[in-house]
Amino acid sequence: MLKVVLVDDENTIIESLRSKIEMFCPDTVVVGTATNIDDALKVIDSQRPDAILLDIHLNDESGFELVNELQLEFEEYEPAIIFITAYDEYAVKAFKVNAIDYLLKPVNVDELQAALEKVKKVQSKKLQEFTQPLTHTQHVVYQNERIPIYTNDGVEFLNINDILWIETYKAHTLVVKANGEKIESTRPIRFYDAMLQNSKMMRVHKSYICNCEHIKKYLPYSGGFVEMSDGSIISISSRKREMILKRISPYYQ
């Protein structure tokens with residue numbers, strides 16, 4: 001069963017969506033609802049739904065704020081986002097945050113079914129990737145060596161010392177070098193995370209792997225950030241804060 005959470009500031013919309021899902025989407029179950037961001041985070045944390053049907057306008061809050069909170073709070077958990085709104089001017093922004101779909105109110109049943117089918121396909125693909133055995137390259141633990149960066153043009157080998165950080169970019173990753181150069185890789189961030197275990201590179205956030213030697217400063221406000229040697233500020237996971245501080249401390253003794 002596909003588990004979904006409904007987030008809308010209007011209870012009538014929530015009940016309408018729930019009714020349509022119960023009547024026309026028999027393999028989908030509503031495991032929770034919320035009318036604001038705080039309640040939504042609690043429900044999502046406890047239920048871990050596969051998808052969130054999310055209104056963009058939540059009284060004085062925004063559905064985009066909830067997406068940002070999810071990215072900061074949860075490391076490996078990535079629920080699919082289906083935006084639901086009465087306005088069509090947010091479509092481009094919605095897809096920039098990797099939304100699965102964007103539905104206009106009143107929600108059409110066929111479009112709702114199609115959106116949920118997209119979620120299932122994405123889930124199936126992720127499951128296949130997760131259950132595939134790691135390749136030889138992924139088993140290698142790198143210390144002060146060069147690592148392969150896979151691109152559309154082939155493979156580029158970089159010295160770890162020359163990398164500031166690796167970040168999630170679209171469906172793949174962006175490798176940021178100390179000289180300012182950026183290389184778009186065709187591999188997901190989990191590929192490099194597995195490759196770089198026990199190296200000076202560390203997964204500090206769901207979307208970032210940072211080079212500990214290039215971390216210049218820890219900034220404690222708003223959950224925590226690190227300042228890199230080029231002055232860039234990168235958010236860290238609040239749940240990993242203590243581990244991150246312990247990990248980077250040897251580089252500053």
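Enumerate the pairs (first residue in region 42-59 and over 23 Å from THR85 (Cβ atoms); second residue anywhere and loosely packed, with under 15 Cβ neighbours inside 10 Å and at pLDDT below 95) with beta-carbon separation below 8 Å, excluding pairs fewer than 6 apart on the same chain, so at least 6 apart or on different chains. Sorted first by the residue in region 42-59, then by its partner, the pairs are ARG48/TYR77. When THR131, THR135 are screened for being surrounded by 11 or more Cβ atoms within 10 Å (Cβ to Cβ), more than 19 Å from the chain's Cα centre (by Cα), within 25 Å of ALA194 (Cα to Cα) and at pLDDT below 85, only THR135 passes.
Residues are listed down the side, and each one gets a yes or a no for (1) under 17 Å from the mean Cα position of the chain (by Cα); (2) closer than 20 Å to SER238 by Cα:
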| position | (1), (2) |
| --- | --- |
| ASP9 | no, no |
| GLU22 | no, no |
| CYS25 | no, no |
| ILE37 | no, yes |
| LYS42 | no, yes |
| GLU65 | yes, yes |
| THR85 | no, no |
| ASP88 | no, no |
| ASP110 | no, no |
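Being assigned to a strand (DSSP E or B), surrounded by fewer than 21 Cβ atoms within 10 Å (Cβ to Cβ) and at pLDDT 90 or above, is that true of even one residue in region 185-202? Outline the logic, then answer.
Within region 185-202, the first condition is being assigned to a strand (DSSP E or B), and the residues that meet it are 185, 201-202.
Then drop every residue that is not surrounded by fewer than 21 Cβ atoms within 10 Å (Cβ to Cβ), which leaves none.
There is no residue in region 185-202 that is assigned to a strand (DSSP E or B), surrounded by fewer than 21 Cβ atoms within 10 Å (Cβ to Cβ) and at pLDDT 90 or above.
Residue pairs whose Cβ atoms lie under 7 Å apart, separated by 6 or more positions or on different chains, with the first residue in region 8-24 and touching a residue at least 60 places away in the same chain (Cβ under 8 Å) and the second part of a helix (DSSP H, G or I), are ASP8/ILE14; LYS20/VAL109; LYS20/LEU112; PHE24/VAL109; PHE24/GLN113.
The rows are residues; the columns are (1) in a helix (DSSP H, G or I); (2) surrounded by fewer than 20 Cβ atoms within 10 Å (Cβ to Cβ).
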site	(1), (2)
ASP39	yes, yes
LEU53	no, no
GLU69	yes, yes
TYR87	no, yes
LYS93	yes, yes
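The values are calculated or read from the model by the stated rules, or taken from the named source; none is laboratory data. Just so it is clear, the structure is predicted and the values come from calculations on it, not from any experiment. FYI the Cβ positions are ideal-geometry reconstructions off the backbone, even for glycines, and counts take in every protein chain you see.
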